[in-house]
């Protein structure tokens, strides 16, 4: 049994990286991610973790250093948010197609302009096609456990892809929650030392990421995408193994609420726990409503999601980012594609909520449910707090 303490979630993530025995940490501060790398700098400086801490001059350099570290066979970690993630954009694609198993915590924050340091998912949705494994945590315990699992997933020879662990800025990263930390011996047993199949070594020279002429570029991108799709099975296996060791098993998709419900909320990230409270309240009133929470965003768990939504006639999909010029938010668009052409496909109502950190309360979720039941959420999407209250 591990030690259970009250701790800020950002600090808990830093402890998880320490328990994972990261060897290279490249870091640049940006709100609301800074507490993670601040704590890791102290952990390394105090001798609690035998690692090299590289303070770089920008987020672009942070990912560049991470790529180089992974290329020589080091267990590598970095973290960022918002504009920092945007500055990494060029390197995100390089990391994945070069099959570098970097683990990064993305403390989700709104993208400017206007300048906004609060939470939504616009930063990671701008990177959704970078071919990274993307996982969302709902609470501090998940953020801790999934961070350890991320190294095992990324480094497995069948995967060899970067992994992003997403946690909502401030509403999760800066809150103090009870977190149970596993013993170091257990983590060492679960997460063996990284043994890369190929490294940069002067004694055995290789070239990584050379020019991809037209005759090979398509094949390289296709192989990386197929590796991403194939990683789903190993992700599920790893989370199951973690559950066997800790009693905390995480599924790619989770469901709660009335099992007979025809109306189902779909959420991703920490806001799902607020929705969960609203659904419990609605259930106590005798209203049949449930919730499907997406934990694995990329690769999207299509079969598991369809099974979780079985019997539903209406999905209320909550997006935390807009997709300007499109007809829905990014999560809703994926879900429409999942059900396209399938018999008895549910009605999909898209609500874009919580942009720039705007509060979304239990009462808001109850209001969403009542408006959906009354047919008062027309159109492809509703921006909650603007379109929803226009009348």
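The values are calculated or read from the model by the stated rules, or taken from the named source; none is laboratory data. What you are looking at is a predicted structure, and each value in this text was computed from that prediction instead of being measured. Cβ coordinates were reconstructed from backbone atoms using ideal geometry, including for glycine residues, and neighbour counts include every protein chain displayed.
Please find, among 350, 380, the residue that is under 20 Å from residue 269 (Cβ atoms) and surrounded by 14 or more Cβ atoms within 10 Å (Cβ to Cβ).
350
Assuming residue 25 fulfils every condition listed in (1) assigned to a loop (DSSP other than H, G, I, E, B); (2) over 22 Å from residue 228 (Cβ atoms); (3) in contact with a helix residue (DSSP H, G or I) (Cβ under 8 Å, 6 or more places away or on another chain) apart from one, which condition is it?
Single failed check for residue 25: (1).
Filter the range 90-109 down to the residues that are in contact (Cβ under 8 Å) with a residue 40 or more places away in the chain, over 14 Å from residue 152 (Cα atoms) and outside any loop (DSSP other than H, G, I, E, B) and list them by number.
Across the range 90-109, the qualifying residues are 92, 94, 95, 96, 97, 105, 106, 107, 108.
For every residue, the table says whether it meets (1) within 18 Å of residue 151 (Cα to Cα); (2) touching a helix residue (DSSP H, G or I) at 6+ places or on another chain (Cβ under 6 Å).
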| residue | (1), (2) |
| --- | --- |
| 232 | yes, no |
| 236 | yes, no |
| 242 | yes, yes |
| 251 | yes, no |
| 261 | no, no |
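Check 79, 86, 126, 110 and return the single one that is touching a helix residue (DSSP H, G or I) at 6+ places or on another chain (Cβ under 9 Å), assigned by TED's automatic domain parsing to the domain that holds residue 169 and under 24 Å from residue 145 (Cβ atoms).
Step by step, each of 79, 86, 126, 110 is checked, and only 79 is touching a helix residue (DSSP H, G or I) at 6+ places or on another chain (Cβ under 9 Å), assigned by TED's automatic domain parsing to the domain that holds residue 169 and under 24 Å from residue 145 (Cβ atoms).
Is it the case, given these coordinates, that residue 73 is part of a loop (DSSP other than H, G, I, E, B) and either within 22 Å of residue 248 (Cβ to Cβ) or in the same structural domain as residue 205 (by TED's automatic domain parsing) (or both)?
So residue 73 fits the description; yes.
Would it be correct to say that residue 194 is over 13 Å from the mean Cα position of the chain (by Cα), farther than 26 Å from residue 277 by Cβ and assigned to a loop (DSSP other than H, G, I, E, B)?
Here the answer is yes, as residue 194 does meet what is asked.
Output the number of the condition that residue 303 fails; it satisfies all remaining conditions of (1) in contact with a strand residue (DSSP E or B) (Cβ under 8 Å, 6 or more places away or on another chain); (2) under 24 Å from residue 142 (Cβ atoms).
With respect to (1) in contact with a strand residue (DSSP E or B) (Cβ under 8 Å, 6 or more places away or on another chain); (2) under 24 Å from residue 142 (Cβ atoms), residue 303 is out only on (1).
Out of all the residues in the range 53-64, is one or more over 21 Å from residue 164 (Cβ atoms) and touching a residue at least 24 places away in the same chain (Cβ under 8 Å)?
Checking the range 53-64: at least one residue is over 21 Å from residue 164 (Cβ atoms) and touching a residue at least 24 places away in the same chain (Cβ under 8 Å).
If a residue has to be within 26 Å of residue 15 (Cβ to Cβ) and within 20 Å of the chain's Cα centre (by Cα) to count, how many in the range 68-91 make the cut?
11
Considering each residue of the range 39-65, count those that are assigned to a strand (DSSP E or B) and in contact with a helix residue (DSSP H, G or I) (Cβ under 7 Å, 6 or more places away or on another chain), and give that number.
Qualifying residue count for the region: 2.
Does the range 99-125 hold any residues that are surrounded by fewer than 18 Cβ atoms within 10 Å (Cβ to Cβ) and more than 21 Å from residue 331 (Cβ to Cβ), and which are they?
Residues satisfying the conditions are 112, 113, 114, 115, 117.
For the range 76-89, how many residues are part of a helix (DSSP H, G or I) and over 18 Å from residue 161 (Cβ atoms)?
Counting residues in the range 76-89 that are part of a helix (DSSP H, G or I) and over 18 Å from residue 161 (Cβ atoms) gives 5.
Please go through the range 228-270 and give me each residue that is at positive phi and surrounded by fewer than 16 Cβ atoms within 10 Å (Cβ to Cβ), ordered by number.
Hit for the range 228-270 is 247, nothing else.
Looking at 160, 200, 146 in this structure, which one is assigned to a loop (DSSP other than H, G, I, E, B) and crowded, with 19+ Cβ neighbours inside 10 Å?
Going through 160, 200, 146 in turn, just one is assigned to a loop (DSSP other than H, G, I, E, B) and crowded, with 19+ Cβ neighbours inside 10 Å: 160.
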